[in-house]
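The values are calculated or read from the model by the stated rules, or taken from the named source; none is laboratory data. This one's a predicted model, so the numbers in the text were calculated from it and none came from an experiment. Surface areas here come from the heavy atoms of the whole protein model, side chains and all, with no ligands, DNA or RNA. Shrake-Rupley method; radii C 1.70, N 1.55, O 1.52, S 1.80 Å.
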Amino acid sequence: ELTLTSQQRFLETYEAVRANYERLIPRLFGGGRGTLELTDPAHPLESGVEILVRPPGKKPKSIELLSGGEKALCATALIFSMFLVRPSPLCVLDEVDAPLDDANLVRLLSMIKEMTKQ
């Protein structure tokens, strides 16, 4: 019973985080798409999570093939996606802006300002 309850809660949370991630990636990248996929959907509690993203104007890529700035945006989108499911009163984003160019930094800051209202 504990395993079934854990699996149900995990899948509910995973789906909510995935939906948020898919919504946040285009905002942070200024277009494109992104999703999260379980590496072993038949066994979700033992599965890994693969991060897939398609920045605007590029072919679909896994996170390993992205630039440093694109990786930072993916990680930030994942963190924000989790915070939208389970908010936290504090989040330290040390040096997350270092690899970002000006356009990406402006989008990131606007999202941070929006999230601080919640």
Within a Gaussian network of the chain (alpha carbon springs, distance under 10 Å), most fluctuating of Leu108, Leu65, Leu36: Leu65
GNM flexibility winner over the chain from Thr13, Thr35, Thr76 (Cα, springs under 10 Å): Thr13
Protein accessible area in the chain, 1.4 Å probe - carbon and sulfur %: 56 percent
Contact order relative to length of the chain, as percent, for alpha carbon pairs under 8 angstrom and 6 or more apart: 24 percent
GNM flexibility winner over the chain from Ala72, Ala103, Ala19 (Cα, springs under 10 Å): Ala103
Accessible solvent surface per residue of the chain, calculated while the other protein chains remain in place, 1.4 angstrom probe, Å²: 64 Å²
Mean Kyte hydropathy of 0.0 or more with a Cα span along the axis of at least 24 Å, helices from DSSP in the chain: 68-85
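Looking at the chain, how many pairs of lysines come closer than 24 Å at the Cα, when each pair is eight or more places apart or spans two chains? Intermediate values should be presented prior to the final figure.
Numbers: Lys58/Lys71; Lys59/Lys71; Lys61/Lys71; Lys71/Lys113.
Step by step, the pairs that qualify in the chain add up to 4.
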